[in-house]
Amino acid sequence: MSSIRIVVDDVTKMKVDCVVNAANSGLWEGGGVCGAIFAAAGSAELTRACSAIGHCPTGSAVITPGFRLPAKYIIHAVGPRWSGGHSGEPEQLYNCYRRALELMLENGCSTIAFPLISSGIFGYPKEQAWERALRACSDFLRENADRDVTVYIAVLENSAKKLGESVLAEIEK
């Protein structure tokens, strides 16, 4: 049975099929979650793989090997920078989660760990980021009910986990 699990964990250490990188459209090594994933996976190898792809538009995702991570794959999902919510940010954020989930299935995987995309240096308000993330994951699982998928959303603080659980409870009503 498919599920969404909100956990306090480091995505770079999770034993899942796919880890999601909160990527930038140039697929360059960045700060925050992106920097941690590059460092743990092997910066040189991951940089070469991302350079070969070259670009990923906001609201989409691409996939590379996981290199030194426990995960087989890294899915690079490009969320939007927050600019008030009237420039397509909600749709773009929803779409990057959906595309990451599609890539997971297309590559024969059943477990995936996301960070809370766009909610760090991209400035997306946390509660709204949770709503978009959880709505996209919930919709995807419902539409793919014949698949057994586990979606993790990993955060670093209990307060973030509690906010996510509150938003998930509202969505599941």
- Task: Consider only pairs whose beta carbons are under 7 Å apart and that are at least six residues apart or on different chains; among these, list those whose first residue lies in segment 21-46 and is under 14 Å from residue 115 (Cα atoms) and whose second residue is modelled with pLDDT under 95 and of a type in the set (A, V, I, L, M).
- Result: 21/33; 22/33; 31/121; 32/121
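Those residues that are of a type in the set (Gly, Ala, Ser), touching a strand residue (DSSP E or B) at 6+ places or on another chain (Cβ under 8 Å) and under 23 Å from residue 121 (Cα atoms), I need them from segment 46-82; list them, please. Spell out how you get there, then give the answer.
So the first thing to find is which residues in segment 46-82 are of a type in the set (Gly, Ala, Ser), and the list is 49, 51-52, 54, 59-61, 66, 71, 77, 79.
This time we only want the ones that are touching a strand residue (DSSP E or B) at 6+ places or on another chain (Cβ under 8 Å), so: 49, 59-61, 66, 71, 77, 79.
Those that are of a type in the set (Gly, Ala, Ser), touching a strand residue (DSSP E or B) at 6+ places or on another chain (Cβ under 8 Å) and under 23 Å from residue 121 (Cα atoms): 59, 60, 61, 77, 79.
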- Does residue 155 qualify as being in contact (Cβ under 8 Å) with a residue 60 or more places away in the chain and in contact with a helix residue (DSSP H, G or I) (Cβ under 7 Å, 6 or more places away or on another chain)? yes
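Would segment 16-34 turn up any residue that is in contact with a Leu (Cβ under 7 Å, 6 or more places away or on another chain) and either assigned to a helix (DSSP H, G or I) or under 26 Å from residue 148 (Cβ atoms) (or both)? Spell out how you get there, then give the answer.
Of segment 16-34, the ones in contact with a Leu (Cβ under 7 Å, 6 or more places away or on another chain) are 19.
Next, only the ones that are either assigned to a helix (DSSP H, G or I) or under 26 Å from residue 148 (Cβ atoms) (or both) stay: 19.
Yes, the conditions are met somewhere in segment 16-34.
Output yes when any residue across segment 27-36 is in contact with an Asp or Glu (Cβ under 7 Å, 6 or more places away or on another chain), surrounded by fewer than 15 Cβ atoms within 10 Å (Cβ to Cβ), more than 24 Å from residue 134 (Cβ to Cβ) and not acidic (Asp, Glu), and no when none is. Please lay out each step first, then the result.
Restricting attention to segment 27-36, the residues satisfying the condition of being in contact with an Asp or Glu (Cβ under 7 Å, 6 or more places away or on another chain) are 35.
In the following step, the residues that additionally are surrounded by fewer than 15 Cβ atoms within 10 Å (Cβ to Cβ) were identified as 35.
Adding the requirement that they be more than 24 Å from residue 134 (Cβ to Cβ) leaves 35.
Cutting the leftovers down to not acidic (Asp, Glu) gives us 35.
Yes, because at least one residue in segment 27-36 is in contact with an Asp or Glu (Cβ under 7 Å, 6 or more places away or on another chain), surrounded by fewer than 15 Cβ atoms within 10 Å (Cβ to Cβ), more than 24 Å from residue 134 (Cβ to Cβ) and not acidic (Asp, Glu).
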- If you go through segment 157-168 one residue at a time, do you hit one that is under 14 Å from the mean Cα position of the chain (by Cα), under 22 Å from residue 90 (Cβ atoms), at pLDDT 95 or above and of a type in the set (D, E, K, R)? no
- Message: Need pairs with beta-carbon distance below 7 Å; first residue within 13 Å of residue 12 (Cα to Cα) and within segment 57-85, second charged (D, E, K, R); sequence gap 6+ or separate chains.
- Response: 66/72; 67/45; 70/13; 70/15; 71/17; 72/17; 73/17
- Message: Within segment 37-153, considering only helices (runs of 4 or more DSSP H) that don't extend past its boundaries, which have at least 1 residues that are under 11 Å from the mean Cα position of the chain (by Cα) and surrounded by 21 or more Cβ atoms within 10 Å (Cβ to Cβ)?
- Response: 89-106, 126-143
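Being assigned to a helix (DSSP H, G or I) and surrounded by 14 or more Cβ atoms within 10 Å (Cβ to Cβ) is the filter here, so list the residues in segment 154-164 that pass it.
Applying the first criterion (assigned to a helix (DSSP H, G or I)) to segment 154-164 yields 158-164.
If the condition is that a residue be assigned to a helix (DSSP H, G or I) and surrounded by 14 or more Cβ atoms within 10 Å (Cβ to Cβ), then 160, 161, 163, 164 are the ones that fit.
So which residues in segment 1-15 are among the β-branched types (Val, Ile, Thr) and assigned to a helix (DSSP H, G or I), if there are any at all?
Just the residues of segment 1-15 that are among the β-branched types (Val, Ile, Thr), to begin with: 4, 6-8, 11-12.
Result: 11, 12.
The values are calculated or read from the model by the stated rules, or taken from the named source; none is laboratory data. Please read all numbers here as calculations on a predicted model, not as lab measurements. Quick reminder, even Gly has a Cβ in these numbers, built from the backbone with ideal geometry, and neighbours come from all protein chains shown.
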